[in-house]
């Protein structure tokens, strides 16, 4: 168990200590769950009254929070979320404990597997798989032939990674996700009266520090690559079609879906259940509201909403007007009548 | 094979027998599939003519159905769906047949496993797993460390349950579902130029008689719990974010998604592909139409539809008006012209 | 490695050779990836300038493409997509290489398993499973009791197929998909105050040449069958409720969901994230735009969009009008005012 003083933690997050900086804590928890040896936190200053009821030894609080007389030290920070994440990670991060390969795992020929890895029970590695140091593969996960996985990457149980996928370092992939399945591509053959499958010979490339949620689907390229660039984060049940490119640090909330060959810019944020059509270019820092459907290219920094998506400010006014539509119908009828009478 | 007379079945469901109550049947099937030893059923009285073509020995029918002269006994009930479900369950329910743990299953240390369980081939249980009586774990399912599973719970193959999840009695979880994955929570670190992952140290708690469909994702709490209360039912591909609470007997239809920390009231019904934003309170018995997007708290009993969701009655009028919009544009132009001419 | 001359490939696809038809190639790739022994292709005539930069030995091009002076032979075809698919399949198709059953696979009693199959590591077959010739079952896939799988069908790793499902020939099922889970059916019991589960005793039937993407969910029939007819293709994360019928050659793009008992006609095309209510009849060749919500029957050949879905042409005009709504509100106010003044 790690221990740190409030002053040390304040230094870690660039915060300002108020009160007894020498108080030592051994962990972080929320207000309700914190014990007397733990630090807790407040994000919303309007809820400052809740501090009194917590057993925590100290608190991380917003910089603007007025002095609170709890006789407990505070760390004042500009962004409590960030400070909490840093301090929580400080307490929880442990050195990698290599479990080796479980004897029930099935490992193919010509694999490169460092000594310092964990391969769970009943995991399957194909031929020619190359793992980096400190990789962890969950139970029941199936990794195809020729897959490369970089150092410190964590793959949870029951993931499936198709042949030839390339995965970077410090990547996390949650259970049930499928990496490298075929894209949805067919050519209709009018003579045979059937859809002829287009072979998908590309691959998936996932760069460093990407996180992929549970039950996502990332199709391989038809040719070339489907790419998720460094630091991008996908929530659960996200769908990426063939040859999609996701920019650095982009965030895709749950159940979003991106059709084939579309490029999402860096630091873009896509809300839950968003859909984006194929072959589009969505710029850097674009924000797309939850449930929107995007059918057009979007410039850097655009903020859009709706189906089809329009600028978010316009969408707010449209939404307000839509709720008034039935009334407008009546008004228009009334105006028509009077207007007609005046003819 | 069980056998029961029509009169016995009528008593089981509180129905009224018409005709030969002493006729015995050995099972239940739909009109097309029923054999001469089975009872069948009619839900829609307008389809009463279809009874004649069925081979069934007897029928469950709506209470208001006029006498039908099929020379076959009827059970008249207020709710045929409910009567069919009760009678069908009567015929199908069998005593639990414990298969024990398949020799290929991998079971960790310090687990509590009663004699009367079934653990399928190649299932994996971590350390400290505690199973109740008559639990059934499907092939390939992976259960993390410290998970508790109550009596009579049925988990289908290829499910993944993360560490520390708590699952009640008589719960059913279908294949591919992932219970306890991390929530989608990051704090952006402007100095490092990257999203810093927030640790998720909470858990998932699933109460008694919950059913979870296939390929669902239930994230664990960031702190505290994500909770699905007793009797709630989730269809396939449903997404619950961290710290979501689902009320007793709520129904969530396929592909619905609930963002973090939102509470859904008891007996609420969410249609397919519904999305609900985070940190909301959706009241008891709220009904949300399929494909709606809910961005605001909803009072008990509210019935809403649309993106953003509005009261359903208003939405019906809005939808009708929307289809008339192009016409309204023309009318408005015409009125403007005439109005202008009158100035 | 296969080799063919440009003239031979032109004959294969019914195309017209321009230039040196005797040039031999050994594979197909896109313009950027093609080597000097490969044929490449152009779909969009406006991008003809890109041919010059490719190392390919020959090109498949649209019939209307003006002569390009690349000193490399062309195959002119009416539909480059189709020709590319045919030629690519020609190069890639290999005779089935039976790997037999991996020793770690768990195979139940009374199965019918031809010599020429591949059953991957840690796959599980229940009792009474019947496989056709040249079936391939991926690692970790779980196949229930009594399942039938036709010849030449390919099932990727970590798929789950429930008991009694029937799967045809030349079917492909991608990882994570769940075939045959229970439908979402409950009857509310007001006395017990709970939802009573309706048993689902039907099955899933998947006909020949169907392809099912990753992480799809296909529920079994309550009674009778959920059916996917020959040649239909499902993208990833598609949901089919109990007793749904999908017509021949229908295409369902990712994240589409179809509620119980709905019939989708042959050659229908459903865009991504489409939702269709239960008990509907969607005709042949119906096209439903991405993200639409369909609440009504649709006649053969209908093209619809929106929530609720309306004819696509009307939807285009409605969408244009919606964006103008805030302006209309102002205009209407102004007209009202003037109209009032004229009274």
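Assess whether residue C:237 counts as being in a loop (DSSP other than H, G, I, E, B), in the same structural domain as residue C:258 (by TED's automatic domain parsing) and either more than 15 Å from the chain's Cα centre (by Cα) or surrounded by 24 or more Cβ atoms within 10 Å (Cβ to Cβ) (or both). Lay out the reasoning, then the answer.
Working: in a loop (DSSP other than H, G, I, E, B): yes; in the same structural domain as residue C:258 (by TED's automatic domain parsing): yes; either more than 15 Å from the chain's Cα centre (by Cα) or surrounded by 24 or more Cβ atoms within 10 Å (Cβ to Cβ) (or both): yes.
Against the criterion (in a loop (DSSP other than H, G, I, E, B), in the same structural domain as residue C:258 (by TED's automatic domain parsing) and either more than 15 Å from the chain's Cα centre (by Cα) or surrounded by 24 or more Cβ atoms within 10 Å (Cβ to Cβ) (or both)), residue C:237 qualifies.
In the stretch C:289-300, which residues are within 25 Å of residue A:259 (Cα to Cα) and out of contact with any helix residue (DSSP H, G or I) (no Cβ under 9 Å at 6 or more places or on another chain)?
Quick first cut of the stretch C:289-300, residues within 25 Å of residue A:259 (Cα to Cα) only: C:289-295.
Across the stretch C:289-300, the qualifying residues are C:290, C:291, C:293, C:294, C:295.
From the list A:255, A:239, A:273, exactly one residue is within 26 Å of residue C:157 (Cβ to Cβ) and facing chain B (nearest Cβ under 9 Å). Which is it? Full working, then the answer.
Numbers: A:239 fails: facing chain B (nearest Cβ under 9 Å); A:273 fails: within 26 Å of residue C:157 (Cβ to Cβ).
A:255 is the lone residue from the list that is within 26 Å of residue C:157 (Cβ to Cβ) and facing chain B (nearest Cβ under 9 Å).
Would you mind finding the one in B:303, B:294 that is buried (at least 24 other Cβ atoms within 10 Å of the Cβ) and away from chain C (no Cβ under 14 Å)? Give the derivation first.
Details: B:303 fails: buried (at least 24 other Cβ atoms within 10 Å of the Cβ).
So the residue among B:303, B:294 that is buried (at least 24 other Cβ atoms within 10 Å of the Cβ) and away from chain C (no Cβ under 14 Å) is B:294.
Among the residues that make up the stretch C:214-224, is at least one of them over 14 Å from the mean Cα position of the chain (by Cα) and closer than 27 Å to residue B:319 by Cβ?
The answer is no, given that none of the residues of the stretch C:214-224 is over 14 Å from the mean Cα position of the chain (by Cα) and closer than 27 Å to residue B:319 by Cβ.
Would you say residue C:231 is assigned by TED's automatic domain parsing to the domain that holds residue C:294, on the phi > 0 side of the Ramachandran plot and part of a strand (DSSP E or B)?
So residue C:231 does not fit the description; no.
Somewhere in the stretch A:325-342, is a residue facing another protein chain (nearest Cβ under 10 Å) and part of a loop (DSSP other than H, G, I, E, B)? Spell out how you get there, then give the answer.
To start, the set of residues in the stretch A:325-342 that are facing another protein chain (nearest Cβ under 10 Å) comprises A:325-342.
Now drop any that are not part of a loop (DSSP other than H, G, I, E, B), which leaves none.
So far as the stretch A:325-342 goes, no, none of its residues is facing another protein chain (nearest Cβ under 10 Å) and part of a loop (DSSP other than H, G, I, E, B).
Which of the strands (runs of 3 or more DSSP E) found entirely inside the stretch C:1-92 contain at least 1 residues meeting this: free of Cβ contacts under 8 Å to residues at least 24 places away in the same chain? Working first, answer last.
Working: elements: C:16-18, C:38-41, C:58-62, C:74-77.
Those strands (runs of 3 or more DSSP E) span C:38-41, C:58-62.
Please work out if residue C:138 is within 19 Å of residue B:155 (Cα to Cα), in the same structural domain as residue C:240 (by TED's automatic domain parsing) and surrounded by 24 or more Cβ atoms within 10 Å (Cβ to Cβ). Full working, then the answer.
Numbers: within 19 Å of residue B:155 (Cα to Cα): no; in the same structural domain as residue C:240 (by TED's automatic domain parsing): yes; surrounded by 24 or more Cβ atoms within 10 Å (Cβ to Cβ): yes.
For residue C:138, the condition - within 19 Å of residue B:155 (Cα to Cα), in the same structural domain as residue C:240 (by TED's automatic domain parsing) and surrounded by 24 or more Cβ atoms within 10 Å (Cβ to Cβ) - is not met.
Only residues that are facing another protein chain (nearest Cβ under 10 Å) and more than 25 Å from residue C:185 (Cα to Cα): list them for the stretch C:276-290, please. Quick ask: steps written out before the conclusion?
The first filter runs over the stretch C:276-290 and keeps only residues facing another protein chain (nearest Cβ under 10 Å), leaving C:276-278, C:289-290.
Scanning the stretch C:276-290 gives C:289, C:290.
Against the definition (modelled with pLDDT of 95 or more, away from chain B (no Cβ under 14 Å) and touching a strand residue (DSSP E or B) at 6+ places or on another chain (Cβ under 6 Å)), how does residue A:136 come out, yes or no?
No, not satisfied.
Among the residues of the stretch B:5-36 satisfying the criterion of being buried (at least 17 other Cβ atoms within 10 Å of the Cβ) and closer than 21 Å to residue C:224 by Cβ, which is farthest from the chain's Cα centre (by Cα)?
Of everything passing the filter in the stretch B:5-36, B:25 is farthest from the chain's Cα centre (by Cα).
Please verify whether residue B:125 is in the same structural domain as residue B:221 (by TED's automatic domain parsing) and within 18 Å of residue A:102 (Cα to Cα), treating the condition exactly as stated. Give the derivation first.
Values: in the same structural domain as residue B:221 (by TED's automatic domain parsing): yes; within 18 Å of residue A:102 (Cα to Cα): yes.
Yes.
Residues to consider are C:98, C:63, C:78, C:83; find the one that is under 21 Å from the mean Cα position of the chain (by Cα) and either within 14 Å of another protein chain (Cβ to nearest Cβ) or more than 23 Å from residue A:202 (Cβ to Cβ) (or both).
Going through C:98, C:63, C:78, C:83 in turn, just one is under 21 Å from the mean Cα position of the chain (by Cα) and either within 14 Å of another protein chain (Cβ to nearest Cβ) or more than 23 Å from residue A:202 (Cβ to Cβ) (or both): C:83.
Could you list, in sequence order, the residues of the stretch B:250-287 that are part of a loop (DSSP other than H, G, I, E, B), under 11 Å from the mean Cα position of the chain (by Cα) and surrounded by fewer than 24 Cβ atoms within 10 Å (Cβ to Cβ)?
B:271
Please enumerate the residues belonging to the stretch C:171-202 that are facing another protein chain (nearest Cβ under 10 Å) and under 15 Å from residue C:131 (Cα atoms).
C:172
The values are calculated or read from the model by the stated rules, or taken from the named source; none is laboratory data. Just so it is clear, the model here is predicted, and its values are computed rather than measured. When we count neighbours, we look across all protein chains shown, and the Cβ atoms used for this are built from the backbone with ideal geometry, even at glycine.
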